[in-house]
Amino acid sequence: MERHLQIKNKRIFKKLFFAFLGLLFSVNFSVYSQAPFVERIIRIPLWAELDAYPESEQAANINSEQYEFPINRMHEVAPFIINGMVYGWNFVYVPSDKARGVEEYFEVTEITDSEVTKNKINYTSPWIENNKLNCWVEYERTEAQVQNYRLWTSIKNPVISGLGYAAVEKGFDGIEEAAKDSLKTAIRDYYRSIIKNKPKEINGSVLIRNLGALGIDSGRYVINLAFFLECGKIIEYSVY
């Protein structure tokens, strides 16, 4: 059943996309603008550079196969971001410590598997601009998910943010890597401001508050995410 819904969702998106190809419109949109975000409806922009895919070179004859690869990749990366906004991520961070011979380690795992939200994501209003395939990624929270979001915002969880980077040549895997790097930067900067001595390990959970930017800078994806932070444990070194 889930497989059927996923296939149906992709077919609907593709039909909408090709319907819009004949009605391309001007959109005053910047990848560095703040994306709309409210507690019930999540709506974020997502895009893929057409030059990154061999199919896009056949501009004279637009067909479904031409855009199938970037569309499928967008269907892979969107659930990762949306799931981080709906349920959040767990993290484990080990700061590097040259004196102790410790290398930096950072791990991110989903609190709830993204398959739970994947088939409820809608991809709307596709358009092509500046050689990019763009669309809006939308998700409507259930009542339980709204209550979960309100819980995160009502308790005194600090808001942290950071810029993350990853090589464009990694494709859409690079966007996921940049998102994780954004979280690592946010965690590292926040704890440096409140902890005097470098800890052995930090773990906790975050919920993405908003997506501030997604762009490309000097051959790297750059993403700016803000998070609600719930700290689990700060493990100190007991002996030098």
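The values are calculated or read from the model by the stated rules, or taken from the named source; none is laboratory data. Not measured: the values here are computed from a predicted model. Note that we place each Cβ from the backbone using ideal geometry, even for glycine, and neighbour counts take in every protein chain shown. The accessibility values were calculated without ligands, DNA or RNA, using every heavy atom of the protein model including side chains. Shrake-Rupley method; radii C 1.70, N 1.55, O 1.52, S 1.80 Å.
Put simply, of 225, 211, 229 the only residue that is within 30 Å of residue 139 (Cβ to Cβ), open to solvent by 10 Å² or more (accessible area, probe 1.4 Å) and not in a helix (DSSP H, G or I) is 211. Close contacts from segment 211-239, counting a first residue that is free of Cβ contacts under 8 Å to residues at least 60 places away in the same chain and a second that is hydroxyl-bearing (Ser, Thr, Tyr) and open to solvent by 50 Å² or more (accessible area, probe 1.4 Å), with Cβ to Cβ under 7 Å and a gap of 6+ residues or different chains, come to 220/165; 221/165; 222/165. Scan segment 107-144 for residues that are in contact (Cβ under 8 Å) with a residue 24 or more places away in the chain, in contact with a Lys or Arg (Cβ under 9 Å, 6 or more places away or on another chain) and either over 20 Å from residue 73 (Cα atoms) or among the charged types (D, E, K, R) (or both) and jot them down. Correct list: 108, 138, 140, 141. Candidates are the residues of segment 145-155 that are polar (S, T, N, Q) and in contact (Cβ under 8 Å) with a residue 60 or more places away in the chain; the one that is least open to solvent (accessible area, probe 1.4 Å) is 148. Can you tell me which condition residue 158 does not meet? The list is (1) free of Cβ contacts under 8 Å to residues at least 24 places away in the same chain; (2) loosely packed, with under 14 Cβ neighbours inside 10 Å, and all the others hold. Here residue 158 clears every test but (1).
Against the definition (open to solvent by less than 50 Å² (accessible area, probe 1.4 Å), of a type in the set (D, E, K, R) and out of contact with any strand residue (DSSP E or B) (no Cβ under 6 Å at 6 or more places or on another chain)), how does residue 98 come out, yes or no? No: the conditions fail for residue 98.
Pairs linking a residue in segment 73-85 that is among the polar types (S, T, N, Q) to a residue that is buried (at least 19 other Cβ atoms within 10 Å of the Cβ) and assigned to a helix (DSSP H, G or I), with Cβ atoms under 9 Å and 6 or more positions apart or on different chains, are 83/117; 83/118. Residues in segment 68-85 that are surrounded by 15 or more Cβ atoms within 10 Å (Cβ to Cβ), out of contact with any Phe, Trp or Tyr (no Cβ under 7 Å at 6 or more places or on another chain) and either charged (D, E, K, R) or at pLDDT 90 or above (or both): 78, 79, 80, 81, 83, 84, 85.
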